[in-house]
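Asker: Before anything else, here's the structure in question.
Coordinate-derived values only; no laboratory data. As the structure is a computational prediction, the values presented were derived from the model and not from experiment. Note that we place each Cβ from the backbone using ideal geometry, even for glycine, and neighbour counts take in every protein chain shown.
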Amino acid sequence: MRILGIETSCDETALAIVEATHQAASDNKNGSLEPHFSLVGDALISQIDIHKPYGGVFPAIAKREHAKNLIPLLHTLLTKTGLEKSAAITLDSELKTKVAQILEREHDLLNAFIEYISTIEKPAIDAIAVTHGPGLEPALWVGVNFAQALGAVWNVPVIPTNHMEGHIISPLLSNQSSVLFPAVALLISGGHTELVEVAGWGQYRIIGKTQDDAVGEAYDKVARLLDLSYPGGPPIAALAQKSRDKKYPKHYTLPRPMITSNDGNFSFSGLKTAVLYALKKDPATTPELRADLAREFEDAVTDVLIKKTQWALEQTRANSLIIGGGVIANTHLRRNLATLATKNSVSLHIPDQKLTTDNAIMIAMAGYITLINRMENNSVVSLKAQGNLSL
Ligand code: KG4
Ligand code: ZN
């Protein structure tokens with residue numbers, strides 16, 4: 001089956017086409033359906049530079065950019081995958097009215113949509129998977145409405161897909177079928193910090209999450225305190241590494257919030273406040289001191305993530321550890337989590353760099369899982385954007 005994935009939950013507008021098959025649960029020892037994915041093609045526009053001056057993602061601008069990007073991206077994707085076939089298509093008036101209703105709130109998109117869709121044949125896809133949450137609601141709606149309009153014109157099913165399930169399944173593209181259940185997924189991004197027990201594909205239970213800020217958000221806020229650019233992860237990681245490489249003396253001490261709470265929950269806003277107070281009391285006036293503060297912050301984050309993930313692995317008697325989300329680009333954290341996996345004799349599953357940040361490949365893959373599970377249960381899920389959607 002060929003699935004078109006659509007992702008607009010935050011500041012990446014992304015489309016991808018994935019070829020998916022699976023073995024039924026009864027065919028394998030693992031007790032879960034076993035999917036296989038291959039990438040047909042993808043196209044993505046990042047809005048990072050547009051949001052940079054605001055130090056974070058500005059929802060109204062994100063929505064406007066998604067609306068502007070979707071049709072050019074679809075054209076790029078269909079052209080590069082060889083799936084764009086020119087044709088003069090006349091939408092009958094009933095269909096035109098339906099599309100106009102679906103895209104009622106997406107004025108900018110509607111005209112470009114009708115114009116482009118009338119010039120191509122339906123491409124060879126079987127279903128559309130779209131992120132309907134969690135994320136920024138105005139941004140999510142653009143993708144959901146776009147997916148529904150395409151579904152109506154091409155007469156294919158539209159599958160509402162959970163963005164976090166996308167992050168959980170993202171390692172499967174390069175590392176097929178080797179996840180052994182139960183597994184623990186650690187999801188670390190700018191919007192989320194969650195520990196999830198994965199009993200099988202499509203079977204998730206959140207066993208811990210942040211009480212306030214996400215890890216990536218803490219990196220971004222601390223970066224602002226140090227006058228570093230957005231997103232804050234890479235510049236802080238670089239400073240911290242400099243401090244380790246050059247063996248700068250340790251100066252600052254920061255707390256490890258909730259490290260002794262003996263559960264899977266996190267709190268990162270206090271850590272950011274601790275950095276603020278440390279800077280007020282003892283300004284980082286030299287490059288060495290700035291690098292040391294970045295190193296101590298990163299060590300504090302790493303210590304907490306390792307302790308909580310260890311707890312989750314023990315709690316669930318996991319056989320695999322899956323890690324997803326933009327923060328796993330962090331080399332120091334990656335190294336420490338790899339050591340943790342080895343120590344616990346669990347297999348480690350981290351996506352390729354391209355799939356760590358938000359993308360539509362993982363949405364197409366998660367959509368396939370949702371579709372298969374839904375077909376087995378005969379259940380129907382309503383399609384609406386849900387900013388606070390949980391797994
Ligand atoms: O998953 P993602 O691309 O977007 C969502 O938030 O959904 O994650 C972006 C987050 C940002 O907060 C960014 O600062 C963080 O990931 N990040 C990093 C690194 N690279 C990106 N955090 C720590 N170290 C990094 N090397
Ligand atoms: Zn994400």
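Asker: Work out Dmax and Rg for segment 319-391 from the C-alpha atoms and quote the Rg first, both in angstrom.
Answerer: Looking at segment 319-391, its Cα Rg and Dmax stand at 15.9, 45 Å.
Asker: Evaluate the Debye formula for the chain with equal point scatterers sitting on the alpha carbons, no solvent, and hand back log10 of I(q)/I(0) at q = 0.08, 0.09 Å⁻¹, in q order, two decimals.
Answerer: Once normalised to I(0) and log-transformed, intensities are -0.44, -0.55.
Asker: Identify all lysines with a Cα-Cα distance to Lys242 below 19 Å; exclude those on the same chain that are fewer than 8 residues away in sequence.
Answerer: Of all the lysines, those that pass the test against Lys242 - Cα under 19 Å, at least 8 places apart if same chain - are Lys250.
Asker: Mind checking the angle between helix 215-225 and the chain's longest principal axis? C-alpha axes, 0 to 90 degrees, to the nearest 10.
Answerer: The two axes meet at around 60 degrees.
Asker: Given Cβ point charges of +1 (Lys, Arg) and -1 (Asp, Glu) and nothing else, what value in debye, to the nearest 20, does the dipole of segment 241-338 about its Cα centre take?
Answerer: Charge dipole, segment 241-338, about its Cα centre: 180 debye, nearest 20.
Asker: Given charges of +1 on the Cβ of Lys and Arg and -1 on the Cβ of Asp and Glu, with all other atoms neutral, how large is the dipole of segment 17-166 about its Cα centre, in debye to the nearest 20?
Answerer: 240 debye
Asker: Something else now. So for His22, His36, fewest C-beta neighbours within 10 Å to most, what's the order?
Answerer: By the 10 Å Cβ count, ascending, the order reads His36, His22.
Asker: Once phi is turned into θ = phi - 60°, what whole-Hz ³J(HN,Hα) does the Karplus curve with 6.51, -1.76 and 1.60 give for every residue of segment 97-105, x standing for Gly and Pro?
Answerer: 5, 4, 4, 4, 5, 4, 9, 3, 8
Asker: Going through segment 118-201, which chymotrypsin sites (Phe, Trp or Tyr not before Pro) have at most 16 other Cβ atoms within 10 Å and a DSSP loop state?
Answerer: Answer in residue order: no site qualifies.
Asker: May I ask for the net charge around Gly264, where only other residues with Cβ less than 13 Å from the Cβ of Gly264 are counted and Lys, Arg are +1 while Asp, Glu are -1?
Answerer: My count for the surroundings of Gly264 gives 0.
Asker: What net charge is computed for the residues neighbouring Ala341, neighbours being all others with C-beta under 12 Å from the C-beta of Ala341, Lys and Arg scored +1, Asp and Glu -1?
Answerer: Local net charge: +3.
Asker: Considering only DSSP beta bridges whose two residues both sit in the chain, what percent are antiparallel, to the nearest 5?
Answerer: Here the antiparallel bridges make up roughly 65 percent for the chain.
Asker: Name the residue from Ile206, Ala183, Tyr248 whose Cα lies farthest towards the positive end of the charge dipole of segment 168-248, charges +1 on Cβ of Lys and Arg and -1 on Cβ of Asp and Glu.
Answerer: About the Cα centre, the residue reaching furthest to the positive side is Tyr248.
Asker: Something else now. Taking other Cβ within 10 Å of each residue's Cβ, how do Ile372, Ile206 sort, fewest first?
Answerer: Fewest-to-most Cβ neighbours within 10 Å comes out as Ile206, Ile372.
Asker: What do you get for the angle between helix 233-245 and the principal long axis of the chain? Use alpha-carbon atoms, 0 to 90 degrees, nearest ten.
Answerer: Tilt relative to the chain: about 30 degrees.
Asker: Tell me, what is the percent relative contact order of segment 116-177, built from C-alpha pairs under 8 Å that lie six or more residues apart?
Answerer: Dividing the mean separation by the residue count of segment 116-177 yields 38 percent.
Asker: Of Met1, Met164, Met362, Met258, how do they rank once you tally other Cβ atoms within 10 Å and put the fewest first?
Answerer: With the fewest neighbours first, Met1, Met164, Met362, Met258 line up as Met1, Met258, Met164, Met362.
Asker: Calculate the dipole size of the chain relative to its Cα centre from +1 charges on Lys and Arg beta carbons and -1 charges on Asp and Glu beta carbons; express the result in debye to the nearest 20.
Answerer: Here the chain has a charge dipole of around 980 debye.
Asker: Which net charge results for the neighbourhood of Tyr248, defined as the other residues with beta-carbon distances under 11 angstrom from its beta-carbon, given Lys and Arg at +1 and Asp and Glu at -1?
Answerer: Once all neighbours under 11 Å are counted, the net charge is +3.
Asker: Please go through the residue pairs Lys247/Lys354; Lys247/Lys281; Lys98/Lys384; Lys272/Lys384 and name each one whose alpha carbons sit more than 26 Å apart in this structure.
Answerer: Lys247/Lys354; Lys272/Lys384
Asker: Now for a different question. Out of the trypsin sites (Lys or Arg not before Pro) in segment 1-104, which ones are loop residues according to DSSP with at most 10 other C-beta atoms within 10 Å?
Answerer: Answer in residue order: Lys29.
Asker: In addition: Can you tell me the length gained on complete extension of the stretch Glu121 to Asn155, counting 0.36 nm per residue apart and subtracting the Cα distance?
Answerer: 11.0 nm is the gain from fully extending Glu121 to Asn155.
Asker: Based on the mean of other Cβ atoms within 10 Å per residue, sort peptides 275-281, 86-92, 128-134, 363-369 so the most packed one is first.
Answerer: 363-369, 128-134, 275-281, 86-92
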